[in-house]
Amino acid sequence: KTISKVNLKMADTTAPSTTTTGGAEEKDKDDYIKTKALNVELGIRVRIDQLIDIDTSRQEYVVKGMLDRDWIATDEDLLNHKTMGAKYKPSVEVDIDFINDVSLNEMKYAIDPVSGSTTRLSRDANGVWYNRQRIEFNGRFAQEFNVRSFPFDVQDLSLVFSAAIFTAKQLTFVPMHTEVSSVSVDRTFSAVRDFAVVRTDVFTKNFDHTYADTMGHVSDENDVCPYVVFRVQVKREWSALMHRIVVWLFILGALSLGVLSYPHADIDGRLGFLITMILTLVAFQFVMQSELPRVAYFTLIDKYYVAIFSINIILIVESIVVGHGGKGLINDAKRVDETFAIVATIVFAVVQVFFMGYAAFLHKKELAKIGKTAIFRLDRLTNYLNLKENKGKYPVAE
């Protein structure tokens, strides 16, 4: 999704004639840039000033930040910067496309307070001059979240950018020449308190649009565009959620076993007790909805809730079998009930131990995601576009 148009002026060259207007003119400019031999190293970094919201149900997050980029300044740039002032434009200017944005509430170029231009000149540690621009943005971005391990989940927050109509042969994303860090997160004014930032990193990937459009049948090296992905990994603060949800579910499950202290023939008392527990669990589920992500699959907490609910259903069935009509539906109902009480208590304890072990396994599995190289894909249909390591060929689509 292109947010802004490319404004490109070539140094020491004559651009093609653009007597047409509108789409034809833009197409001529596109064709010209693709055939021009360029080799631009675009330094780029992201500074996130505020994490506003992480919505795992809508698969979106909201962030406010700045995008800085720099590229080498030519002798013509140094001269023009002195003479043109606020009207200064570099000989080569590359605008950035936001790829995974849902909506941008704000996007603007920062103005240099000295020159009044959107581009200023900065030196690196070696004294080399670079053009530098800053984009301030505030928007909502799409991200595929997996919360099956909730509340132990680790999530990626990715900002994906491309260099408009430049190909991978003409432009390479590199770390900022005039800055030390590539990505930083300021949590001072962050509105997200249920996640903690655990890692930040950056990686690049080239994407063949022709290969994607033809579903892997045709490849065009002139249509391979560079992408850069800034990733912030966050880990959910799980301790409070475990106390607010899991501990109370455990208590409700343990209380349900208290029905076995009733005489087996007291079916009215047993059913009254268990139906009350069922209604309590249903009411507790409504309370849980404010804490749980709304997804189309079961999370870890959902599975535990179903286990506790199922125990109550089994207890209802057992109470009917041993207490129907005061005699039960089977012979020696009292002995069966006593045996069932022992077995049910053991099973309940085993379920708790299993759940703790399973939770520890998922927790460890989620922690292993931290720092692991992410799979780069623009949508669900292009997962096969990743280059195979050391082969330089596109894999065959499955």
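Extension gain for SER57-GLU41 works out to 1.9 nm (0.36 nm per residue, less the C-alpha to C-alpha distance).
With the cut-off at 1.5 for a/c, could you classify region 79-182 from its C-alpha gyration tensor as rounded, prolate or oblate? Prolate, because a/c is 1.5 or more and a/b exceeds b/c.
For SER184 and ALA142, the FRET efficiency from 1/(1 + (r/R0)^6), where r spans their Cβ atoms and R0 equals 22 Å, is about 0.45. Heavy-atom accessible surface of GLU221, to the nearest 10 Å², is about 110 Å², with a 1.4 Å probe and all protein chains retained.
With every protein chain in place and a 1.4 angstrom probe, the accessible-area ranking of LEU255, LEU67, largest first, reads LEU255, LEU67. A DSSP coil position with no more than 11 other Cβ atoms inside 10 Å describes the following trypsin sites (Lys or Arg not before Pro) in region 96-197: ARG193.
Within region 263-300, the chymotrypsin sites (Phe, Trp or Tyr not before Pro) that combine a DSSP coil assignment with at most 14 other C-beta atoms in a 10 angstrom radius are TYR297, PHE298. Multiplying the residue separation of ASN105 and VAL336 by 0.36 nm and subtracting their alpha-carbon distance yields 76.5 nm. In this rough spin-label picture, where each label sits 7 Å from Cα along the Cβ direction, the HIS217-LYS303 distance is 4.3 nm. The stretch between LYS89 and GLU291 holds 67.7 nm of extra length on full extension. This uses 0.36 nm per residue minus the Cα-Cα distance. Solvent-accessible area of ILE346, all protein chains in place: 100 Å² (probe radius 1.4 Å, heavy atoms, ligands and nucleic acids excluded). Ordered by solvent-accessible area of protein heavy atoms (1.4 Å probe), largest first, the residues ASP186, ASP95 come out as ASP186, ASP95.
Applying 1/(1 + (r/R0)^6) with r as the Cβ-Cβ distance of PHE250 and VAL282 and R0 = 22 angstrom yields a FRET efficiency of 0.80. When the C-alpha to C-alpha distance is required to be over 20 Å, the pairs from LYS82/LYS108; LYS235/LYS365; LYS235/LYS364; LYS205/LYS372 that qualify are LYS82/LYS108.
The values are calculated or read from the model by the stated rules, or taken from the named source; none is laboratory data. Quantities reported herein were computed from a predicted structural model and do not represent experimental measurements. Virtual Cβ from ideal backbone geometry, glycine too; neighbours counted across all protein chains shown. Remember, those area values only see protein heavy atoms, side chains included, never the ligands or the DNA or RNA. Shrake-Rupley method; radii C 1.70, N 1.55, O 1.52, S 1.80 Å.
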